Amino acid sequence: MKFQSTHKRGENWASDVVVLPLCVSDLGKSPLLKRLDRALKGNITKTFHQEKFKGKWGETKLIATHGALRTRYFWFVGCGPEKDFRCDYLRRAGGHVARLARQHQFQKVAWLPLQRKDWGKTIADDCQAITEGILLGSYEFSRYKKSKNPLHLSEVRFMEIPKGVRDLAQKIRLGCVVAESVTLARDLVNTPAKDMTPHQLGLEAKKALKGISVRLYSKKDLKRFKMGAYLAVAQGSTQPPTMVHMQYRPASRSQGTIVLVGKGVTFDSGGISLKPPTSMETMKDDMAGSAAVIGAMKAIAQIKPPVTVHGIVPATENMPSGSAIKPGDVVRAMNGKTIEILNTDAEGRLTLADALVFGQRFKPDVVIDVATLTGACVIALGEKCAGLMTPDKSLSDRLLQSAEKCGEKMWPLPLLEEYKEEIESPIADVKNNGGRWAGTITAGLFLKEFVNPKIPWAHIDIAGPSWTDKENDLGPRGGTGSMVATLVHFVTHYSQSLGSS
Ligand code: BES
Ligand code: MN
Ligand code: ZN
């Protein structure tokens with residue numbers, strides 16, 4: 001898809017549709033709207049009045065020009081009262097328009113600016129969000145379909161852009177890079193576990209990450225590293241585990257080292273602590289944390305920030321079999337700590353324990369793990385919001401800010417020391433199951449046992465937002481690519497945020 005920008009008037013290009021986002025107060029006032037209305041002989045105002053279009057968020061109106069202008073349609077998108085406006089509304093509007101474009105087989109879309117207060121300063125960010133929205137809203141996963149639904153949309157022009165806007169082309173490009181990386185993460189999640197095996201996940205990372213180093217570690221390597229917890233999860237499956245280590249290094253002197261760890265359970269049956277059938281239906285999604293990390297690495301390799309970034313994915317299946325771990329087994333992680341495994345379905349934290357220990361070899365300034373770790377997080381925060389756990393206040397602030405900027409929902413949960421007793425084992429150093437209450441927090445506390453307290457670390461539980469059962473403006477049912485954008489924003493603003501904190 002081609003994205004361009006121009007100062008020219010929207011209605012004079014032979015597009016299929018001209019999109020104009022409007023805040024409530026723009027109705028009857030916006031000079032842009034007045035001009036388009038005159039060109040259609042007052043038809044827009046009349047339609048708004050008759051059909052009670054007020055410009056509320058979520059309201060849209062398609063009006064045909066019937067040959068009066070070179071464009072075929074106007075599409076007005078309500079953005080609510082200006083005081084409540086968020087840039088993410090434009091991302092969602094972009095997605096909405098992309099889905100409409102597919103339905104109406106539109107090829108060319110012109111997009112006019114939302115002229116809110118100081119819009120000259122925000123327009124580059126607005127266009128980035130719209131670009132992301134259009135590309136994500138166009139997403140389909142058709143790999144297994146005979147009849148594919150073709151996308152006609154091929155050209156988007158941001159029109160009536162004032163001259164001399166800083167960073168516009170660069171931000172549009174960034175929007176494309178982010179959306180392509182989110183798309184990669186969605187594809188990885190949506191591919192059935194049969195085809196997205198641990199080894200295949202490693203091969204996909206290699207394929208997608210041209211230009212940065214990707215190393216795959218085999219079961220033999222994991223044994224050499226003494227990754228007893230990760231290996232315990234893998235031992236029940238006929239698919240061998242594969243640990244993926246991706247490494248991006250800046251060309252100039254590195255200003256810091258970030259380690260990203262993603263849970264990569266390509267299928268979670270629960271193991272001997274078998275899940276009920278309906279809970280298993282979407283468990284190909286249990287590698288969404290690794291998809292977020294691989295997706296982020298793809299964008300990072302293109303944006304080239306001045307920091308070193310390691311991406312680590314301990315990929316495995318979690319299966320029941322004669323060779324599977326049993327409840328009550330005790331295993332030893334790479335850092336020497338022993339773990340009593342009471343529930344084989346609490347497997348993610350076992351794989352992450354060893355991956356976190358491994359990641360700390362690279363002397364990171366910060367470690368972030370992303371994981372579909374607990375059903376309890378979906379109970380606590382719902383299907384649209386990630387849980388953030390970290391002992392580091394400044395890291396928490398920076399991650400929350402990145403998520404907010406990217407339109408991803410994330411909320412902090414406390415790593416209360418008071419609950420540490422829940423994961424104490426009578427026979428080992430820790431146990432892998434903290435019981436019924438605060439399951440997301442006790443999982444976070446378990447991971448904390450494997451991180452050097454001197455290293456700033458954050459854990460993001462994406463069990464909710466990594467998957468959507470219902471289609472929405474930004475995509476169909478399935479994997480969402482959750483946290484790709486947030487990780488990319490965090491990493492690319494990392495050295496800046498150090499200066500300001
Ligand atoms: N992968 C699941 C968590 C999950 C649940 C992700 C629902 C997405 C949607 C994880 O491995 C798991 O099974 N967790 C258990 C932990 C429990 C046994 C301590 C859970 O949440 O029930
Ligand atoms: Mn599980
Ligand atoms: Zn799991």
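The values are calculated or read from the model by the stated rules, or taken from the named source; none is laboratory data. Only a predicted model underlies this, so the values are computations on that prediction, with no experimental measurement involved. Virtual Cβ from ideal backbone geometry, glycine too; neighbours counted across all protein chains shown. To get the accessible areas, we keep the full protein, side chains included, count just its heavy atoms, and leave off ligands, DNA and RNA. Shrake-Rupley method; radii C 1.70, N 1.55, O 1.52, S 1.80 Å.
Classify the range 368-449 from the C-alpha gyration tensor, please: rounded if a/c falls under 1.5, else prolate or oblate depending on whether a/b exceeds b/c.
On the way: a/c = 2.68, a/b = 1.76, b/c = 1.52.
Prolate, because a/c is 1.5 or more and a/b exceeds b/c.
With every protein chain in place and a 1.4 angstrom probe, the accessible-area ranking of LYS54, LYS304, largest first, reads LYS304, LYS54.
Placing unit charges on the Cβ atoms of the charged side chains and taking the dipole of the chain about its Cα centre, the candidate lying farthest along the positive direction among LEU201, ILE300, VAL313 is ILE300.
Let's test the formula: R0 of 56 Å, r as the Cβ-Cβ distance of LYS83 and ASN343. What FRET efficiency results, to the nearest 0.05?
Once rounded, the FRET efficiency stands at 0.70.
Which of the three applies to the chain, rounded, prolate or oblate, going by the alpha-carbon gyration tensor with a ≥ b ≥ c and a/c under 1.5 meaning rounded?
Values: a/c = 2.20, a/b = 2.03, b/c = 1.08.
Since a/c reaches 1.5 and a/b is larger than b/c, the shape of the chain is classed as prolate.
Stretched out straight at 0.36 nm per residue, the stretch from SER154 to LYS2 would grow longer than its current Cα-Cα span by 54.1 nm.
Per residue, how much accessible area does the chain show when a 1.4 Å probe rolls over the protein heavy atoms, in square angstrom?
Averaged over the residues of the chain, the accessible area is 43 Å².
The candidates LEU209, LEU415, arranged from most to least accessible area with a 1.4 Å probe in the full protein assembly, appear as LEU415, LEU209.
Distances between placed amide hydrogens fall under 5 Å for MET410 paired with ALA386, all partners being 5 or more residues away or on another chain. Our coupling estimate for the range 277-288, obtained by passing each phi through the Karplus curve with A = 6.51, B = -1.76, C = 1.60 and θ = phi - 60°, is x, 5, 6, 8, 4, 10, 7, 5, 7, 6, 10, 5 Hz, Gly and Pro reported as x. Computed with a 1.4 Å probe over protein heavy atoms only, the accessible area of HIS7 comes to about 100 Å². One Cα centroid belongs to the range 173-230, the other to the range 51-95; the line between them spans 39 Å. Atom-type composition of the exposed protein surface of the chain places 51 percent of the accessible area on carbon and sulfur (1.4 angstrom probe).
Rounded to the nearest whole Hz, the Karplus-based 3J(HN,Hα) values (6.51 cos²θ - 1.76 cosθ + 1.60, θ = phi - 60°) of the range 96-103 follow the sequence 4, 5, 4, 5, 5, 4, 5, 5, with x at glycine and proline. Projecting the Cα atoms of GLY228, MET483, THR338 onto the dipole axis of the chain, where Lys and Arg carry +1 and Asp and Glu carry -1 at the beta carbon, places MET483 farthest toward the positive end.
Computed from point charges on the beta carbon alone (+1 for Lys and Arg, -1 for Asp and Glu), the dipole magnitude for the chain about its Cα centre is near 2120 Debye.
The range 396-434 and the range 293-334 have Cα centres lying 18 Å from one another. Dividing the mean sequence gap of close Cα pairs (under 8 Å, 6+ apart) by how many residues the chain holds gives a relative contact order of 15 percent.
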